[in-house]
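Report on one structure; see the data block that follows.
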Amino acid sequence: QRHVHEFTGSTQLAEQGADRHNHRFAGVTGQAIRVGNSHVHKIKFTRTDFLNHFHKLKKIRTGRAIPVGKGKHIHFATGLTTLNDGHRHRFQFATLIDRPTV
């Protein structure tokens with residue numbers, strides 16, 4: 001079994017006026033997938049928080065590992081949520097480091 005990463009984030013704002021809002025989300029990536037001399041992770045399904053509707057982050061693939069020192073790394077991810085309540089949200093986030101206490 002390979003490692004995974006936790007992640008948490010907020011979507012960018014969508015809609016206008018009194019309906020302007022964003023959502024929060026959190027989850028865990030899938031296991032590492034080797035790509036060249038690095039690796040990526042898939043995020044198969046994550047649901048945002050609920051604010052009279054929710055959105056899904058589906059079929060996301062992180063970027064390659066980004067070293068942050070002491071043998072640790074993170075990954076960057078970006079995309080669009082599903083269309084719900086007539087709109088989508090853009091999002092971008094960095095995963096947390098793998099094995100934070102090791």
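The values are calculated or read from the model by the stated rules, or taken from the named source; none is laboratory data. What you see is a predicted model; the values in this text were computed from it and never measured. Note that each Cβ is placed from the backbone with ideal geometry, even for glycine, and that neighbours are counted across all protein chains shown. Ligands, DNA and RNA are excluded from the accessible area calculation, which covers all protein heavy atoms including side chains. Shrake-Rupley method; radii C 1.70, N 1.55, O 1.52, S 1.80 Å.
Numerical summary
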{"quantity": "Enumeration of residues in the range 50-81 that are modelled with pLDDT under 95, open to solvent by 30 Å² or more (accessible area, probe 1.4 Å) and assigned to a loop (DSSP other than H, G, I, E, B)", "calculated": "Phe50, Leu51, Asn52, Phe54, Lys70, Gly71"}
{"quantity": "Hits in the range 1-39 (condition: surrounded by 18 or more Cβ atoms within 10 Å (Cβ to Cβ) and farther than 24 Å from Asn84 by Cβ)", "calculated": "His5, Ala32"}
{"quantity": "Total residues in the range 88-102, condition modelled with pLDDT of 90 or more and either among the hydroxyl-bearing types (Ser, Thr, Tyr) or surrounded by 14 or more Cβ atoms within 10 Å (Cβ to Cβ) (or both)", "calculated": "8"}
{"quantity": "Options His39, His89, His75: the member that is touching a residue at least 24 places away in the same chain (Cβ under 8 Å), under 26 Å from Arg20 (Cα atoms) and of a type outside the set (Val, Ile, Thr)", "calculated": "His89"}
{"quantity": "Within the range 20-60, tally of residues that are farther than 17 Å from His89 by Cα and basic (Lys, Arg)", "calculated": "3"}
